[in-house]
Amino acid sequence: MTNAVAACLLAVVALIAASASPVLAAARYSAMVVDGHTGKILYSKHGDALRFPASLTKIMTLYVLFDQMDEGKFHPNTRLKVSKNASKQAPSKLGLKPGSTIRVSDAIKALVTKSANDVAVTVAENISGSEAKFAKLMTAKAREIGMRKTVFKNASGLPNKNQVSTARDMITMANRLMFDHPEKYKNFSRKYFKYKSKKYRNHNRLLFDYKGTDGIKTGYTRASGFNLLANVRRGNKHLIAVVFGGRTSGKRNAAMRSILNKAMPKAIARLPRKHRPKPKKKSVRVATSLQFPAKAAANAQPEPFKQRTKQGAPETVASLPPETAARNQTTHKGSYHIQVGAYARQTDAMQRLAAIQVEAGDVISGHMPLSVPLHDAKRNLYRARFAGFSRTAANSTCSQLKRRAITCVVMSAE
C-alpha cells in the first residue's frame, strides 16, 4: 500500500469518526421529568429506551443497604471489611486497602459524594458475599418496586453491556426510595464528605446552584455519557428528572436545568403534608384512607406504570387511583395482623398503610390499618399493620399482597 493510499484511508476513517460522533451522542440521550405530586410525565425524550446507568447504579446499591439497615442487619457504625477484589476497582475510588474496614455511615457518604467504586463493591460483598449475588438482589428489588426494564450486573455502574435501565425506571427508583427511606434519603443532599483528612465535593453541581435541589446523583462512563438524576422541591412543587447521555457534565447540567425550567410552570403546587388540615379523628394508632389522601400516598410509593386507556389521557409514572372505599366497609374481626413494615417515625408507618390501601385496597378492604408502637431501651418503632384476620385469612391475604410485590408477614395480635 502506498503512502498516498494509506493517508487517504486514514482521512476517510477520520471523516467517518467525526461524522459519527454527534450521532452516537444523540443516540444515547434520553430524559424525563415527572411531577412528584401527581406522577404525571411533564417531559419525555426516549424515556423508555434502554441506556447504561453508570453510577446511577449506586442509588440501588444504597437502596438495598438501607433496606438491610431497617431490618437491623447493619447499623451506621457497622464495620465493612474490604476485600482485595474491592480494593482493585477502577476509579473513582477512596483507595481502600485490602483487610481494612469502613463504617457503614462513611460508606454511604462516600457513595453519594465521591461515587467510590471500591466502596460499592465492599457494600455488595458484605451484604451478599459476592458482587454477582448482590447484583441479583438489586435486580430483584428493581422488579419489586416497578422498574420493569432495569437489569443490574454490578454494584458500582462500571461498564457492563448487560447492565441497562431507562429514564422511567430511574425516576421510579428515586420516587420509591424517597418514600421507603425518607430519613436516609437526606444523605443525597450532602455537598461534602471528609474522610481521613481528605475532603470530597459532591459531583452533583445542581446541589450548589439550582434552587430547590435536594439530590440525587450523577454518573458517567464512556459508553453512557454523562447522566444525572435530580430531585427538586420549589414553591410547594416537586419535580423528579433524569438526563442520560450528556456529552460533557456541563452540557448535561445545562440540559437538566432546561427541562426542569420548562416543566416547573406545569407542575402542581401542593402544600407539604404538615401544613394540610389535620383530620378530626384523634386516635394516633389508626390510619385510615380518610386521613391520607390517595394522591399523596400514591406519589410517595409509585405503582408500576400503566399504559394509556383513553385517547389523550396523560401518561403517568405513578398512577393515581381514586380513594379506596374501605372506609365505608365493616371492619373484620380476628386475632391476627398482617405487618407491612416497621419505621422509626409514626408518619412513615401511616404513609405506608395509606399507600397499600391505594395499591391493594381490594385485598385488604375492611381491615383496620394500625400504627402499633414498640418502645424499648434500644429502639422506638412503629409497626404498620392491618388487623382483623383469622390465621387462615391472614396467610391467604399476605400471599396475595406478595404477588403484588408487597412485603408482609403474619403476626399475632398483641
Task: Only one of A140, A155 that is among the aliphatic types (A, V, I, L, M) and assigned to a helix (DSSP H, G or I) - done: A140
Task: Answer from F179, F152, F134 - the residue that is modelled with pLDDT under 95 and touching a helix residue (DSSP H, G or I) at 6+ places or on another chain (Cβ under 8 Å) - done: F179
Open item on the list: Out of K191, K133, I need the residue that is assigned by TED's automatic domain parsing to the domain that holds F52, free of Cβ contacts under 8 Å to residues at least 60 places away in the same chain and surrounded by fewer than 17 Cβ atoms within 10 Å (Cβ to Cβ). Which one?
Closed with: K133
TODO: Can you work out which of the residues in the stretch 322-351 that are surrounded by 23 or more Cβ atoms within 10 Å (Cβ to Cβ) and at pLDDT 85 or above is nearest to A405 (Cα to Cα)?
DONE: V340
Open item on the list: So for the stretch 363-374 (the condition being surrounded by fewer than 17 Cβ atoms within 10 Å (Cβ to Cβ) and under 22 Å from D67 (Cα atoms)), does at least one residue qualify?
Closed with: yes
Task: Answer from I59, I41 - the residue that is farther than 27 Å from I108 by Cβ, assigned by TED's automatic domain parsing to the domain that holds T221 and crowded, with 19+ Cβ neighbours inside 10 Å - done: I41
Open item on the list: For the stretch 390-414, which positions are surrounded by fewer than 16 Cβ atoms within 10 Å (Cβ to Cβ), within 29 Å of the chain's Cα centre (by Cα), among the hydrophobic types (A, V, I, L, M, F, W, C) and outside any strand (DSSP E or B)?
Closed with: A405
Open item on the list: Here are the criteria: (1) outside any helix (DSSP H, G or I); (2) closer than 22 Å to L177 by Cα. Tell me which single one A120 does not satisfy.
Closed with: (1)
Open item on the list: Go through the stretch 359-389 and report how many residues are in a strand (DSSP E or B) and either in contact (Cβ under 8 Å) with a residue 12 or more places away in the chain or of a type in the set (S, T, Y) (or both).
Closed with: 16
TODO: Confirm whether A110 is surrounded by fewer than 18 Cβ atoms within 10 Å (Cβ to Cβ), part of a helix (DSSP H, G or I) and of a type in the set (A, V, I, L, M, F, W, C).
DONE: no
Task: Qualifying positions in the stretch 225-265 - out of contact with any His (no Cβ under 8 Å at 6 or more places or on another chain), basic (K, R) and part of a strand (DSSP E or B) - done: R233, R234
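Each row is one residue, and each column tells you yes or no for (1) under 15 Å from G72 (Cβ atoms); (2) in contact with a Lys or Arg (Cβ under 8 Å, 6 or more places away or on another chain).
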{"residue": "Y343", "(1), (2)": "yes, yes"}
{"residue": "A349", "(1), (2)": "no, yes"}
{"residue": "A354", "(1), (2)": "no, no"}
{"residue": "V358", "(1), (2)": "no, no"}
{"residue": "G361", "(1), (2)": "no, no"}
{"residue": "D376", "(1), (2)": "yes, no"}
{"residue": "N380", "(1), (2)": "yes, no"}
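The values are calculated or read from the model by the stated rules, or taken from the named source; none is laboratory data. These numbers come from a predicted model, not from an experiment. Every residue, glycine as well, gets a Cβ built from its backbone with ideal geometry; the counts of neighbours run over all protein chains shown.
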